[in-house]
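Student: Take a look at the following structure, please.
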Amino acid sequence: MDLSFSDDDLAFQSEVREFLQTSLPKDVQERTARGLHPTKEAAVRWQKILNEKGWMAPNWPVEYGGTGWTVAQKYIAGQEFGLAAAPVATPFGVSMVGPVIYTFGNQEQKDKFLPRVLESDDWWCQGYSEPGSGSDLASLQTKAVRDGDDYVVNGQKIWTTFAQYADMIFCLVRTDNSGKKQEGISFLLIDMKTPGITVKPIYGLDKENSLNEVFFDDVRVPVANRIGEENKGWTYAKFLLGNERTSIARVGRSKRQVQRVREIAAAEQCGAGKLIEDADFMTKLGKIEVDLMALEYTELRYLSMLSAGKELSAEPSLLKIKGTEIQQRLTELLVESLGMYGAAYEPSEAYDGRNETAPGPDYAHGPMAEHLYLRAASIYGGSNEIQRNIVSKMVLGL
Ligand SMILES: Cc1cc2nc3c(=O)[nH]c(=O)nc-3n(C[C@H](O)[C@H](O)[C@H](O)COP(=O)(O)OP(=O)(O)OC[C@H]3O[C@@H](n4cnc5c(N)ncnc54)[C@H](O)[C@@H]3O)c2cc1C
């Protein structure tokens with residue numbers, strides 16, 4: 001097992017660092033460093049810069065516009081983006097539906113949708129979860145009934161991240177009820193401007209509207225917008241979920257958070273000294289750093305296996321569980337480091353045009369919102385309990 005980087009990898013690392021230093025817009029970096037959701041305008045502006053550099057789609061095959069990076073290069077880029085507070089491209093287009101389209105879509109669908117994903121001309125959202133169908137996704141009820149060259153879709157999706165921004169939604173719909181629930185699902189690409197679609201906001205613990213409900217009321221969708229075969233959508237859905245769970249450890253981002261906690265602890269008073277001199281506080285940070293290092297080397301081991309042509313099974317689930325636990329522990333400590341100023345959380349209002357001064361030092365704005373939002377990290381992308389079930393079955397054979 002070789003965990004060291006080659007000279008080419010190190011040269012690539014320098015290239016990524018230089019690109020981020022020169023091309024990452026300061027406002028985008030600042031918002032990400034505070035842990036706030038990107039605005040649509042900022043996300044699209046940054047993604048267009050990435051696309052111009054040819055770095056929009058690290059995981060796509062080169063023939064569709066991918067980077068052709070090795071496994072190690074992808075890892076390095078992920079680390080450097082995390083450390084520099086550079087947002088990764090919004091996942092719904094480039095990481096989720098894009099690979100489904102180039103793997104299972106027809107030529108017309110590839111020609112129509114893939115360039116628009118790379119150019120960020122379409123903002124996609126993910127219509128999987130429904131009330132009552134989250135972990136048990138295959139029980140979904142949103143129905144699509146064939147009518148000539150269209151399907152007529154009725155039902156409801158929930159927790160649809162950024163649906164309010166979206167031009168397109170990829171949806172799992174029920175096209176058959178007669179057999180096993182997994183065998184009656186189809187995968188549709190739906191234009192959000194189609195009559196009959198209503199988006200209603202859900203406000204999260206962070207007081208932000210990133211989540212939504214999406215209602216479908218006699219929505220006509222051309223059959224040409226179905227991916228692959230009717231009733232085979234579960235296969236495409238599972239392929240997508242597999243992609244969703246890779247690169248979920250977020251080691252680079254957590255390393256930046258450690259740095260952030262250290263900086264705040266160096267500035268904050270604790271008794272007669274600074275917080276960074278407080279043994280109890282630093283022990284908590286030290287324990288997280290040890291776990292983070294273990295996670296980093298675990299991820300490197302898995303990458304080394306992938307580079308050697310081996311297949312992963314439950315490993316992404318382990319990365320998801322440990323990665324999200326560490327992210328949550330870090331934002332908890334971040335809030336603790338701020339004392340009473342950590343309690344204030346009105347991120348958008350504080351930054352979007354409000355002219356009164358927010359309380360506390362500048363670095364205190366953002367962590368509470370991020371801390372509250374990240375409670376969701378152990379739920380989205382398949383809850384951590386479900387990941388533990390996967391590990392217990394596939395690794396422990398239970
Ligand atoms: C911030 C956020 C963003 C999201 N974005 C999207 C999106 O864009 N598109 C989309 O389609 N969905 C999205 N989701 C939905 C997400 O995928 C679901 O919330 C998740 O799959 C869990 O489903 P659920 O909420 O219905 O909870 P449930 O499945 O009802 O689970 C409730 C609890 O029971 C536990 N549980 C359930 N089944 C088992 C089991 N078999 N064994 C052990 N424990 C179990 C779960 O772990 C959880 O703790 C998002 C969720 C969040 C929080």
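Student: For I197, state whether it is hydrophobic (A, V, I, L, M, F, W, C), under 22 Å from G381 (Cα atoms) and modelled with pLDDT of 95 or more.
Tutor: For I197, the condition - hydrophobic (A, V, I, L, M, F, W, C), under 22 Å from G381 (Cα atoms) and modelled with pLDDT of 95 or more - is not met.
Student: Among the residues of segment 81-107, write down those that are of a type in the set (S, T, N, Q) and more than 16 Å from the ligand (Cβ to nearest atom).
Tutor: Correct list: T103, N106, Q107.
Student: Can I ask one more? Looking only at segment 375-386, how many residues end up being assigned to a helix (DSSP H, G or I) and either of a type outside the set (S, T, N, Q) or more than 9 Å from the ligand (Cβ to nearest atom) (or both)?
Tutor: Number of matching residues: 5.
Student: State which residue is farthest from the ligand (Cβ to nearest atom) when the search covers only segment 387-398 and only residues that are within 30 Å of L205 (Cβ to Cβ) and without any contact (Cβ under 8 Å) to a residue 60 or more places away in the chain.
Tutor: S392
Student: Let me ask something else. Name the single residue, out of those in segment 108-124 being closer than 23 Å to V223 by Cα and touching a residue at least 60 places away in the same chain (Cβ under 8 Å), that is farthest from the ligand (Cβ to nearest atom). Don't jump to the end; show me each part of the working.
Tutor: Of all residues in segment 108-124, those closer than 23 Å to V223 by Cα come to 108-117, 121-124.
Now drop any that are not touching a residue at least 60 places away in the same chain (Cβ under 8 Å), which leaves 108-109, 113, 117, 123.
Details: E108: 26, Q109: 21, F113: 18, V117: 16, W123: 12 Å.
Only one residue fits best here, namely E108.
Student: Considering segment 1-40 alone, what residues qualify as being more than 17 Å from I76 (Cβ to Cβ) and hydrophobic (A, V, I, L, M, F, W, C)?
Tutor: Correct list: M1, V28, A33, L36.
For every residue, the table says whether it meets (1) free of Cβ contacts under 8 Å to residues at least 12 places away in the same chain; (2) open to solvent by 30 Å² or more (accessible area, probe 1.4 Å); (3) in a loop (DSSP other than H, G, I, E, B).
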residue: T160; (1), (2), (3): no, no, yes
residue: F170; (1), (2), (3): no, no, no
residue: V173; (1), (2), (3): no, no, no
residue: S186; (1), (2), (3): no, no, no
residue: K200; (1), (2), (3): no, yes, no
residue: V219; (1), (2), (3): no, no, no
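Student: Can I ask one more? Can you tell me which of V214, V199, V221, V173 is more than 14 Å from the ligand (Cβ to nearest atom) and hydrophobic (A, V, I, L, M, F, W, C)?
Tutor: V221
Student: Here's something else I'd like to know. Just give me the residues in segment 286-302 being touching a residue at least 60 places away in the same chain (Cβ under 8 Å) and open to solvent by less than 30 Å² (accessible area, probe 1.4 Å), in sequence order. Quick ask: steps written out before the conclusion?
Tutor: Step one: list which residues in segment 286-302 are touching a residue at least 60 places away in the same chain (Cβ under 8 Å), which gives 297, 299-301.
Within segment 286-302, E299, L300 meet the criteria.
Student: Select from segment 49-83 the residues that are part of a helix (DSSP H, G or I) and within 22 Å of F104 (Cβ to Cβ) and write down the one among them that is most open to solvent (accessible area, probe 1.4 Å).
Tutor: For segment 49-83, the residue satisfying everything is E63.
Student: Listed residues N59, N51; which is at pLDDT 95 or above and not assigned by TED's automatic domain parsing to the domain that holds G309?
Tutor: Only one candidate qualifies: N51.
Student: Take the residues in segment 359-374 that are crowded, with 18+ Cβ neighbours inside 10 Å and within 14 Å of the ligand (Cβ to nearest atom), then tell me which one is nearest to S210 (Cα to Cα). Outline the logic, then answer.
Tutor: Looking only at segment 359-374, we keep the residues that are crowded, with 18+ Cβ neighbours inside 10 Å, and these are 363-371, 373-374.
Narrowing the set further to residues that are within 14 Å of the ligand (Cβ to nearest atom) leaves 369-371, 373-374.
Details: A369: 12, E370: 13, H371: 15, Y373: 10, L374: 13 Å.
Among those residues, the one meeting the criterion is Y373.
Student: Being open to solvent by less than 20 Å² (accessible area, probe 1.4 Å) and modelled with pLDDT of 95 or more narrows it down to one residue among V258, V223, V251; which is it?
Tutor: Every option except V258 fails the conditions.
Student: Is there any pair linking a residue in segment 128-139 that is assigned to a strand (DSSP E or B) to one that is more than 7 Å from the ligand (Cβ to nearest atom) and open to solvent by less than 10 Å² (accessible area, probe 1.4 Å), with Cβ under 8 Å and at least six apart or on different chains, and which?
Tutor: Correct list of pairs: E130/L140; E130/T142; S133/L140.
Student: Could you check G204 against (1) away from the ligand (no atom under 13 Å from the Cβ); (2) modelled with pLDDT under 95 and say which number it fails?
Tutor: Failing condition for G204: (1).
The values are calculated or read from the model by the stated rules, or taken from the named source; none is laboratory data. If you're wondering where the values come from, they're calculated on a predicted model, not measured in any experiment. Note: ideal-geometry Cβ built from the backbone for every residue, glycine included; neighbour counts use all protein chains shown. Surface accessibility is based on the protein's heavy atoms, side chains included, excluding ligands, DNA and RNA. Shrake-Rupley method; radii C 1.70, N 1.55, O 1.52, S 1.80 Å.
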